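Structure first, then comments.
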Amino acid sequence: MIKKEWMTVVSQQNIAKNIYELTLQGELVQEMNEPGRFVHLKVSGQTMPLLRRPISIANIDQTNSRFTMIYRAEGEGTKLLAEKKAGDQVDVLGPLGHGFPVNEAQTGETAILVGGGIGVPPLYELSQRLNEKGVKTIHVLGFQSADVAFYEAKFAELGETYVATVDGSLGTKGFVTDAIREFNLQGDILYSCGPVVMLRALEELQLTKKGFISLEERMGCGIGACFACVCHTQNDPTGTEYRKVCSDGPVFPMGEVAL
Amino acid sequence: MSRLETKLPGLTLKNPIMPASGCFGFGREFSQLYDLDVLGAIMIKATTEEPRYGNPTPRVAETPAGMLNAIGLQNPGLEKVMERELPWLSQYNVPIIANVAGSQVEDYVEVARTISGSPHVQALELNISCPNVKTGGIAFGTVPETAKHLTKKVKEVSEVPVYVKLSPNVSNIVEMAKAVEDGGADGLTMINTLLGMRIDLKTGKPILANRTGGLSGPAIKPVAIRMIYEVSQQTNLPIIGMGGISTVEDIIEFYLAGADAVAIGTANFSNPYICPELIKELDEYLSANQIDHISELTGRSWSKDGKRTYYCS
């Protein structure tokens with residue numbers, strides 16, 4: 001069930017250049033049962049910024065009623081969020097959207113998890129759940145450069161982990177697809193989150209038969225009512241058929257939405 | 001009768017607070033958050049004869065105390081709204097106001113004829129003020145004669161009262177209001193969004209794919225107040241006021257300006273529980289200020305026998 005709650009900041013850490021890891025505590029965590037969903041945060045009680053900010057869930061700890069987000073402080077809203085300190089309250093709406101289907105991967109299979117930049121975080125909770133289920137995970141993380149890279153070590157604890165940076169300052173020089181080719185990575189199922197250009201390149205690569213991708217889009221309400229974050233489908237790329245990223249997604253089966 | 005119960009043409013409202021069209025879809029999403037029965041009414045998303053995908057994204061951009069949107073009247077079309085959305089929404093005990101849009105007079109007439117015949121629809125809201133479509137929409141809302149003609153044509157076929165949604169993008173709002181009153185309108189809803197734009201400093205191009213969009217949110221409230229203040233003194237039509245309402249104080253201000261009911265738009269996005277919260281708070285406000293009925297406040301900012309001190313908290 002979707003809920004709105006004033007949650008308490010447990011910790012806030014700057015883990016890479018402009019990248020923050022924020023952990024919140026509250027009852028709402030008990031509603032978080034699927035990786036890849038997101039929360040919608042009101043970072044200010046004032047009218048600027050007016051709208052909420054959609055942020056993906058990176059780690060769920062239901063035992064302690066805590067969850068963690070990783071975000072880039074780039075715009076006005078996320079910069080304000082970065083100022084929150086332990087003990088502060090944050091207005092959280094969620095969990096929202098449809099996440100990554102863990103059940104699509106079978107025990108003993110290999111899943112390739114590919115993240116680009118700020119699309120990496122939701123894969124962390126996903127990878128833990130896949131491993132719990134006995135699915136082998138291979139991680140490919142793409143960043144602009146070494147100074148904005150994060151969580152490589154944490155992913156490495158869960159499975160093979162490859163990093164690509166555009167400037168070559170860490171791992172393979174180039175994109176995630178370059179790392180996939182370089183190491184000839186293969187698996188049964190693909191899960192990915194990141195920029196549309198990356199998702200499109202992955203679809204073209206046809207690495208696995210089955211795959212699920214998570215999209216980003218500017219949102220209004222975050223619950224499917226305002227039609228701000230709509231996209232076309234591959235079946236009907238110019239017609240009236242559509243999917244709402246916030247409520248039908250953000251995760252879609254590969255090949256469903258037009259990228 | 002409760003302090004909030006409000007009677008308007010075609011509508012008996014438990015309270016005068018309703019979500020504005022385009023900010024609430026057809027109610028399905030918000031029904032997961034709270035019981036829609038608490039609402040005064042629901043203004044459903046604009047319906048056109050054929051399904052519409054709307055504009056490319058980005059469709060929204062934030063602005064100081066507001067937002068721009070250019071959705072472009074995305075909707076499943078008249079047939080699906082009649083078959084699917086209205087019957088579903090009718091499970092709630094809430095009057096439905098159907099927002100009607102089109103590209104030409106014939107489209108409006110056709111949608112109005114069909115949708116007003118639905119047993120679930122209590123009133124129409126004629127959308128002559130959408131700024132985000134190439135044809136129709138605002139084109140009907142900026143020339144008084146055109147607006148009057150369209151209102152008349154829709155009135156001829158509508159089986160329920162017709163409220164006309166006015167655009168603020170005009171030099172003389174009173175003239176527009178009088179024109180649609182002459183055309184036979186039963187009420188007014190005002191205001192729609194103000195045409196605006198934002199430019200991305202990195203690309204040097206407009207942020208919205210549609211380039212321009214409609215500005216809403218607290219930023220436009222003073223414009224709405226001024227227009228309702230002017231129009232309410234010059235027409236006899238009831239006014240459902242909207243434009244940046246997010247607090248009970250805003251609602252009181254709209255009433256003092258001349259509103260008979262209010263709609264909540266953008267605030268539903270920042271706080272999806274805003275409507276039920278305001279309904280509760282408005283009742284408490286009236287009680288605390290010994291106001292027997294909300295309608296006592298209508299037009300008090302300009303009426304000669306106004307008892308302003310009566311309303312001070």
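Exposed loop sites are taken as trypsin sites (Lys or Arg not before Pro) in a DSSP loop (any state but H, G, I, E or B) with at most 10 other beta carbon atoms within 10 Å; the longest stretch of chain A without one runs A:86-208. When both bridge partners sit in the stretch A:54-212, DSSP labels roughly 10% of those beta bridges antiparallel.
The stretch B:23-101 and the stretch B:142-193 have Cα centres separated by 21 Å.
Net charge of the neighbourhood of A:Phe100, taken over other residues with C-beta under 13 Å away and scored Lys/Arg +1, Asp/Glu -1, is +1. Can you send over the carbon and sulfur percentage of the accessible area for the stretch B:6-297, probe radius 1.4 Å, protein chains only? In the stretch B:6-297, the share of accessible area belonging to carbon and sulfur is 50 percent.
Residue by residue, the stretch B:196-201 carries 3J(HN,Hα) couplings of x, 7, 10, 10, 6, 5 Hz when phi is fed to the Karplus relation 6.51 cos²θ - 1.76 cosθ + 1.60 (θ = phi - 60°); x denotes Gly or Pro. For a quick check, take a GNM of chain B with Cα springs below 10 Å and name the residue from B:Asp186, B:Asp283, B:Asp35 with the largest mean-square fluctuation. Its mean-square fluctuation being the largest, the pick is B:Asp35.
Less than 13 Å from a label point 7 Å out along the Cα-to-Cβ axis of B:Asp283: which backbone N atoms in the stretch B:13-35 qualify, by residue? Counting only backbone N, you get B:14-17. Here the relative contact order of chain B, from alpha carbon pairs under 8 Å that lie six or more residues apart, stands at 18 percent.
Taking chain A, the Cys residues with no second Cys beta-carbon under 4.7 angstrom are A:Cys193, A:Cys229, A:Cys231, A:Cys246.
Along the axis of the charge dipole computed for the stretch A:217-259 (Cβ charges of +1 for Lys and Arg, -1 for Asp and Glu, origin at the Cα centre), the listed residues A:Gly220, A:Gly249, A:Gln234 are led at the positive end by A:Gly220. Annotation for A:Ala86 and B:Ser90: the two label points, set 7 Å from Cα along the Cα-Cβ direction, are 5.9 nm apart. The average projected area of the protein assembly as shown, computed from the convex hull of its Cα atoms over all directions, is 26.3 nm². With springs only between Cα atoms under 10 Å, which of A:Val166, A:Val43, A:Val245 fluctuates most in a Gaussian network model of chain A? Looking only at A:Val166, A:Val43, A:Val245, the biggest GNM fluctuation is shown by A:Val166. Which of the listed residues, A:Phe143, B:Asn268, B:Ile199, is farthest toward the dipole's positive end in the protein assembly as shown, when Lys, Arg count +1 and Asp, Glu count -1 at the beta-carbon? My answer, from the dipole projection, is B:Ile199. Near A:Glu109, the amide H atoms lying under 5 Å from its own belong to A:Lys136; only residues 5 or more places off or on other chains count, and H is placed 1.01 Å from N. Per residue, the protein assembly as shown exposes 39 Å² of solvent-accessible protein surface, assessed with a 1.4 angstrom probe and all protein chains in place. Less than 5 angstrom separates the built amide H of A:Val163 from those of A:Leu141, A:Thr172, all sequence-distant by 5 or more or on a different chain. Quick one: compute the contact order of the stretch B:227-306, relative version, from alpha carbon pairs under 8 angstrom and 6+ residues apart, as a percent. Once divided by the residue count of the stretch B:227-306, the mean separation gives 35 percent.
3J(HN,Hα) couplings calculated from phi for the stretch B:155-162 with the Karplus curve 6.51 cos²θ - 1.76 cosθ + 1.60 (θ = phi - 60°) are, in sequence order, 4, 4, 10, 6, 8, 10, x, 10 Hz; Gly and Pro show x. A simple count of charges around B:Ile274, restricted to other residues whose Cβ falls under 12 Å of its Cβ and scoring Lys, Arg +1 and Asp, Glu -1, yields 0. Treating each Cα of the stretch A:217-259 as an identical point scatterer and ignoring solvent, apply the Debye formula and state log10 I(q)/I(0) at q = 0.18 Å⁻¹. Here the Debye-derived log intensity ratios amount to -0.45. Mean residue ellipticity at 222 nm, helices only, the protein assembly as shown: -6000 deg cm²/dmol; runs of at least 4 DSSP H residues each add -39,500 (n - 2.57), and the sum is divided by the number of residues. Say the dipole of the stretch B:6-297 comes from +1 at the beta carbon of Lys and Arg and -1 at that of Asp and Glu; which of B:Val60, B:Gly243, B:Thr12 then lies farthest toward its positive end? In the stretch B:6-297, that residue is B:Val60. Once the partner protein chains are put back, the stretch B:269-299 shows a loss of at least 20 square angstrom of accessible area, versus the chain by itself, at B:Phe269, B:Ser270, B:Pro272, B:Tyr273 (probe 1.4 Å, ligands and nucleic acids excluded). Looking at the protein assembly as shown, the DSSP beta bridges with both ends there are about 50 percent antiparallel. Near A:Ala58, once Lys and Arg are set to +1 and Asp and Glu to -1 for all other residues with Cβ below 9 Å from its Cβ, the sum equals -2.
Which of the three applies to chain B, rounded, prolate or oblate, going by the alpha-carbon gyration tensor with a ≥ b ≥ c and a/c under 1.5 meaning rounded? Since a/c stays below 1.5, the shape of chain B is classed as rounded.
Between B:Ile225, B:Ile17, B:Ile207, the residue with the greatest mean-square fluctuation in the GNM of chain B (Cα pairs under 10 Å linked by springs) is B:Ile207.
Hydrodynamic radius of the stretch A:3-96 by the Kirkwood approach over all distinct alpha-carbon pairs: 13.0 Å. Here the stretch A:102-214 has 49 percent of its accessible surface on carbon and sulfur atoms, given a 1.4 Å probe and all protein chains in place. When accessible surface is computed with a 1.4 Å probe, chains A and B are found to bury approximately 2700 Å² between them, both chains counted.
Between B:Gln234 and B:Asp182, full extension at 0.36 nm per residue minus the direct alpha carbon distance yields a gain of 17.5 nm. Under the combined filter of DSSP loop state and at most 15 neighbouring Cβ atoms within 10 Å, the stretch B:28-136 retains these trypsin sites (Lys or Arg not before Pro): B:Lys134.
Can you list the GluC sites (Glu not before Pro) in the stretch A:94-202 that are in a DSSP coil and have 16 or fewer other beta carbons within 10 angstrom?
Sites meeting the loop and neighbour criteria: A:Glu157.
Greater than 32 Å separation of Cα atoms is the criterion. Which listed pairs, A:Lys209/B:Lys45; A:Lys3/B:Lys45; A:Lys244/B:Lys153; B:Lys134/B:Lys202; A:Lys42/B:Lys221, meet it? Let's see the in-between values first.
Details: A:Lys209/B:Lys45 39 Å; A:Lys3/B:Lys45 24 Å; A:Lys244/B:Lys153 35 Å; B:Lys134/B:Lys202 27 Å; A:Lys42/B:Lys221 21 Å.
Over 32 Å Cα-Cα: A:Lys209/B:Lys45; A:Lys244/B:Lys153.
The values are calculated or read from the model by the stated rules, or taken from the named source; none is laboratory data. All values reported here derive from a predicted model rather than from experimental measurement. Virtual Cβ from ideal backbone geometry, glycine too; neighbours counted across all protein chains shown. Just so you know, the surface numbers come from the protein's heavy atoms only, side chains and all, with ligands and any DNA or RNA stripped out. Shrake-Rupley method; radii C 1.70, N 1.55, O 1.52, S 1.80 Å.
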